[in-house]
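One structure is given here, and the rest of the page talks about it.
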Amino acid sequence: MDTFSVAKLVAGRPLGEQLFHVLAGAIVSGELAEGERINDESIARHFQVSRMPVREALQRLDRLGLVQIMPSRRTVVTVVTEQSIREALSYAGYEAGVAVHAGLPRCSPDERIEAEALVRAVVDALDEPARASKARRDLYAYFSERAGNELRHAHMIDMEYVFERTLRDLVPSVENLGEVTRAYADLGRAILDGDHVEAERLARALHGIGSIGIARAAD
């Protein structure tokens, strides 16, 4: 995605939608830093649009917790905290479970093989937090796309910004690495078997929901 400073809006697409993705991408990349104030008038001038689509984008970012709109109408980029990481991880786990539960029964045998390969890609990246985070998102997005619920999938596209920003530095602790690897192997087998109940349980457990509880922040 283009950075905020060089991004161009495209004619024929909703301005608020485009501005949301531009600003969300800038927050995730750090171009708009934690605690930085966002001035809707400046953004409107920069993109030569009215303030209405800018406010629409900021309200959407506020609902995701990427910015906070103050009662004074001042808007600032939120700070990633331990609490926001825990909340995002828990939410990601529940959503991953729902995606697998709904999407796996709709997968063909060939698609289950493709999904199992995505599981192995996560395992291969476990020692690289950012790459592992991307691989996890790719895995659960695969099932979300096949779940057949367009509204939920659209919401998850928005949530990708939250998950990338807050969870990209998470890795298994050294003492839990073996447990995590085994759990992913079990998840891969459940996917190949088409066992959506077991796959859902493992997807949630791999986000710390349930008995495994394996996600730890990287030092």
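Using only side-chain charges placed at the Cβ, +1 for Lys and Arg and -1 for Asp and Glu, the dipole size of the chain relative to its Cα centre rounds to 740 debye. In this Cβ point-charge picture (+1 for Lys and Arg, -1 for Asp and Glu), the stretch 15-77 has a dipole of about 220 debye about its Cα centre. Compared with the direct C-alpha span, the chain from ASN39 to GLU56 gains 4.8 nm at full extension, assuming 0.36 nm per residue. Each Lys and Arg Cβ is given +1 and each Asp and Glu Cβ -1; about its Cα centre, the stretch 130-186 then shows a dipole of about 100 debye. For THR75, the residues whose amide H sits under 5 Å from its own are ILE38, MET70, ignoring neighbours fewer than 5 places away on the same chain, with H placed 1.01 Å from N. Length gained on full extension, SER29 to SER173, computed as 0.36 nm times the residue gap minus the Cα-Cα distance: 49.3 nm. Residues within the reach of a label modelled at TYR94 (point 7 angstrom out along Cα to beta-carbon, backbone nitrogen below 15 Å), restricted to the stretch 171-206, are 204-205.
Between LEU170 and ALA218, the built amide H atoms are under 5 Å apart, and every one of these is 5 or more places off in sequence or on another chain. Consider a paramagnetic label point 7 Å from the Cα of VAL10 along Cα→Cβ; state which residues of the stretch 124-166 have an amide N under 19 Å from it. Backbone N within reach: 154-155, 157-158, 161.
Just going by the charge dipole of the chain, with Lys and Arg at +1 and Asp and Glu at -1 on Cβ, which of LEU61, LEU202, VAL100 is farthest out on the positive end? Result: LEU61. Approximating the spin labels as points 7 Å out from Cα along Cα→Cβ, the GLN48-to-GLU160 distance works out to 2.9 nm.
Phi angles across the stretch 81-95 convert, under the Karplus curve 6.51 cos²θ - 1.76 cosθ + 1.60 with θ = phi - 60°, into 3J(HN,Hα) values of 10, 4, 5, 5, 5, 4, 5, 5, 5, 5, 5, 4, x, 5, 5 Hz, Gly and Pro given as x.
Each peptide in 143-155, 93-105 was scored by the mean count of other Cβ atoms within 10 Å over its residues; highest first, the order is 93-105, 143-155.
Packing here is the average count of other Cβ atoms within 10 Å per residue, and on that basis the peptides 21-29, 200-208, highest first, run 200-208, 21-29. For the chain, what does the helix formula give at 222 nm: sum of -39500 (n - 2.57) over DSSP H segments with n ≥ 4, over the residue count, nearest 500 deg cm²/dmol? That calculation yields -20500 deg cm²/dmol at 222 nm.
Only the coordinates and a few stated rules stand behind these numbers; no lab work does. These numbers were taken from a predicted model, which means no experiment stands behind them. When we count neighbours, we look across all protein chains shown, and the Cβ atoms used for this are built from the backbone with ideal geometry, even at glycine.
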